[in-house]
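The values are calculated or read from the model by the stated rules, or taken from the named source; none is laboratory data. Computed from a predicted structure; not experimentally measured. Cβ sites come from the backbone with ideal geometry, for glycine too, and all protein chains shown count toward neighbours. Heavy atoms of the whole protein, side chains included, go into the accessibility calculation; ligands, DNA and RNA do not. Shrake-Rupley method; radii C 1.70, N 1.55, O 1.52, S 1.80 Å.
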Amino acid sequence: MTAKSTRDHLIDVGLGLMHRNGYNTTGLSDILKAADVPKGSFYHHFGSKEEFAAAALERYGMREREHAAAVLGDTTTPPLKRLRRYFSDLVRIYGQEAAIPGCMMGRFSLEIAEESPKLRKRVSASFDHWQHSIATVVQQAVTQKELPAGTDPESLAAFLLNSWQGALLRSQAEKSDAPLEIFMHSIFDGLMKQESKGRAAATRVENR
């Protein structure tokens, strides 16, 4: 392997292990064995397990940002439909039928918040970026009158993201997609639909 491909190979292999098993459970020996790479090569690219985990989180976040951009950035689809499609994708990708159920950032949040300020900041920054991506679509929904003018995009995006993470955590505990299905129904067949109907009714009154 070239220097670049060895580093990328280590990150890809280690990311999968840490996503599935968590930070603390995944030892350096596990990563080296799965990647079939000697310890010296690992330390040529990474100064510590923590530094390696930061690189894995960055790779994970990059993939998530690419997915969000592809779905949430599709302006040919109305904003609320984009949001529903996006979270439906997440159910498929991270639900109980997925290759690796659960969110790596959520798993790391539970494990490393106290012991690694560096990784905690990396996870927090990823959540901030994720929330802003959702808020951008919420703002578009407000602009296109799918949601009321008084809607706070960042607050609603934070609520959606926090609710999703909670549902995903409970899904892991119960080994069931039921919490994710409740999330989808409550948000998109309940809250969002009521908000949209309320906006439509207000528009009719304004136009009389």
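When all alpha-carbon pairs of the chain are counted, what percent fall beyond 20 Å? Distances greater than 20 Å cover 62 percent of the Cα pairs.
Every pair of different Cα atoms in region 2-81 enters the Kirkwood calculation, which places the hydrodynamic radius at 13.9 Å.
Residues of the chain: accessible area per residue at 1.4 Å, in Å²? The partial results should precede the final answer.
Details: 10860 Å² over 208 residues.
Each residue of the chain exposes 52 Å² on average to a 1.4 Å probe.
For region 100-129 versus region 79-94, the spacing of their alpha-carbon centroids is 22 Å. In sequence order, region 127-142 has phi-based couplings of 5, 4, 5, 4, 4, 5, 4, 5, 4, 4, 6, 4, 4, 5, 5, 5 Hz under the Karplus curve 6.51 cos²θ - 1.76 cosθ + 1.60, θ = phi - 60°, and Gly or Pro positions carry x. Charge dipole of region 1-85 (Cα centre as origin; +1 on each Lys and Arg Cβ, -1 on each Asp and Glu Cβ, all else neutral): 340 debye, rounded to the nearest 20.
So what is the 222 nm mean residue ellipticity for the chain from helices alone, if each DSSP H run of at least 4 adds -39500 (n - 2.57) and you divide by all residues, rounding to the nearest 500 deg cm²/dmol?
Numbers: 10 runs with 156 residues, N = 208.
Value at 222 nm, helices only, nearest 500: -24500 deg cm²/dmol.
Seen through its C-alpha gyration tensor, with square-root eigenvalues sorted a ≥ b ≥ c, region 121-180 comes out oblate because a/c lies at 1.5 or above while a/b is not bigger than b/c.
For the chain, the longest principal axis of the alpha carbon atoms and the long axis of helix 192-206 meet at an angle near 30°.
Look at the dipole of region 1-106 built from charges on Cβ: of SER5, GLY102, LEU32, the Cα furthest out on the positive end belongs to GLY102.
Summarise the accessible area of the chain (1.4 Å probe, protein heavy atoms) by the percent that is carbon and sulfur. Mind dumping the intermediate values first?
Numbers: 5730 of 10860 Å².
It is 53 percent, rounded to a whole number.
Taken one residue at a time, the phi angles of region 152-164 give Karplus couplings (6.51, -1.76, 1.60, θ = phi - 60°) of 8, x, 5, 5, 5, 5, 5, 4, 4, 5, 5, 5, 4 Hz. Gly and Pro are set to x.
Note on the chain: with charges restricted to the Cβ of Lys and Arg (+1) and Asp and Glu (-1), its dipole about the Cα centre is near 340 debye. Projecting the Cα atoms of VAL137, PRO78, SER126 onto the charge dipole of region 1-159 (Cβ charges, centred on the Cα centre) puts PRO78 farthest toward the positive pole.
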